[in-house]
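This is the structure I have questions about; it appears just below.
The values are calculated or read from the model by the stated rules, or taken from the named source; none is laboratory data. Only a predicted model underlies this, so the values are computations on that prediction, with no experimental measurement involved. For neighbour counting, all protein chains shown are included, and Cβ atoms are generated from backbone atoms with ideal geometry for every residue, glycine included. Accessible surface areas use protein heavy atoms only, side chains included; no ligands, DNA or RNA. Shrake-Rupley method; radii C 1.70, N 1.55, O 1.52, S 1.80 Å.
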Amino acid sequence: MTPPVPDRDCPLCPRLADMRRASRADHPDWFNAPVPSFGSLEARLLCVGLAPGLRGANRTGRPFTGDFAGDLLYSTLAAFGLAEGRYGASAEDGFRLVDVRISNAVRCVPPGNKPLPAEFTACRPFLAAEIAAMAKLRGVLAIGRDAHQAVLSTLGLRKSAYPFGHGLLHHLPGGLVLADSYHCSRYNTNTGRLTEAMFHAAVGGLLGAVGTPHPQPW
Ligand code: SF4
């Protein structure tokens, strides 16, 4: 069953609706709406990010597309055979995901990349419905601590039982594996908090844990 998606003018988060309106006025050629997930609901893997970036997904209309974080995420997925085609930083680039879907915990761009707790709560039903609709889902990659916590909340699990840690694998009730990574942001890579090798290891760890036949890039 296709999960519900938010309306383009979803009013549930007034602060984010205001930001959308302001961005539409400033940049009428940008997407400026709740960003839909990318990839098939038949996928066995789901990557969950925090929220659209202002000049990334909010501009292009595809998660992680058009900013630095997407460069690292999509090159990594391609290296593992989880994507096909050439990533062109545009929703029209023809790039395709293979056995993986990408979503955000909060679907509208938040000021300063920081959603409020009430905004996570308001947007949670959309992620919950999507996870419920992914009948073959085996593994989730949480891209950053906030995404990790949002996934646990969405699944109704206690955060204290599954502390965040880069490279950790959490075996959740029901057989789902949750893998943690630091966010693949420019800030984290520039500061050395996250290297490409570390990000590859986190993705590879998840693939190993769910027993996929995908190639390893090293
Ligand atoms: S973040 Fe989610 S719940 Fe909030 S306005 Fe956007 S789509 Fe609606």
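So, restricting to helices (runs of 4 or more DSSP H) that lie completely within region 142-218, which ones have at least 1 residues that are farther than 26 Å from residue 119 by Cβ and either more than 17 Å from the chain's Cα centre (by Cα) or without any contact (Cβ under 8 Å) to a residue 40 or more places away in the chain (or both)?
The qualifying helices (runs of 4 or more DSSP H) are 186-190, 196-210.
Can I ask one more? Among the residues of region 33-50, write down those that are touching a helix residue (DSSP H, G or I) at 6+ places or on another chain (Cβ under 7 Å), part of a loop (DSSP other than H, G, I, E, B) and either among the aromatic types (Phe, Trp, Tyr) or within 16 Å of the ligand (Cβ to nearest atom) (or both).
Answer for region 33-50, where residues must be touching a helix residue (DSSP H, G or I) at 6+ places or on another chain (Cβ under 7 Å), part of a loop (DSSP other than H, G, I, E, B) and either among the aromatic types (Phe, Trp, Tyr) or within 16 Å of the ligand (Cβ to nearest atom) (or both): 33, 35, 37, 50.
Please verify whether region 22-32 includes one or more residues that are in a loop (DSSP other than H, G, I, E, B), within 13 Å of the ligand (Cβ to nearest atom) and either open to solvent by less than 20 Å² (accessible area, probe 1.4 Å) or farther than 26 Å from residue 203 by Cα (or both).
There is at least one residue in region 22-32 that is in a loop (DSSP other than H, G, I, E, B), within 13 Å of the ligand (Cβ to nearest atom) and either open to solvent by less than 20 Å² (accessible area, probe 1.4 Å) or farther than 26 Å from residue 203 by Cα (or both).
List pairs: first residue in region 20-31 and under 18 Å from residue 113 (Cα atoms), second residue open to solvent by 50 Å² or more (accessible area, probe 1.4 Å) anywhere in the structure, Cβ distance under 7 angstrom, at least six positions apart or on different chains.
30/59; 31/59
Taking region 131-154, which residues are among the basic types (Lys, Arg) and closer than 11 Å to residue 46 by Cβ?
Of everything in region 131-154, those that are among the basic types (Lys, Arg) and closer than 11 Å to residue 46 by Cβ turn out to be 136, 138.
Now a separate question. Would you say residue 127 is closer than 16 Å to residue 41 by Cβ, open to solvent by less than 40 Å² (accessible area, probe 1.4 Å) and part of a loop (DSSP other than H, G, I, E, B)?
no
Could I ask something else about it? Any residue at all in region 137-160 that is of a type outside the set (Lys, Arg), in contact with a strand residue (DSSP E or B) (Cβ under 7 Å, 6 or more places away or on another chain) and open to solvent by 30 Å² or more (accessible area, probe 1.4 Å)?
Looking for residues that are of a type outside the set (Lys, Arg), in contact with a strand residue (DSSP E or B) (Cβ under 7 Å, 6 or more places away or on another chain) and open to solvent by 30 Å² or more (accessible area, probe 1.4 Å), one finds none in region 137-160, hence no.
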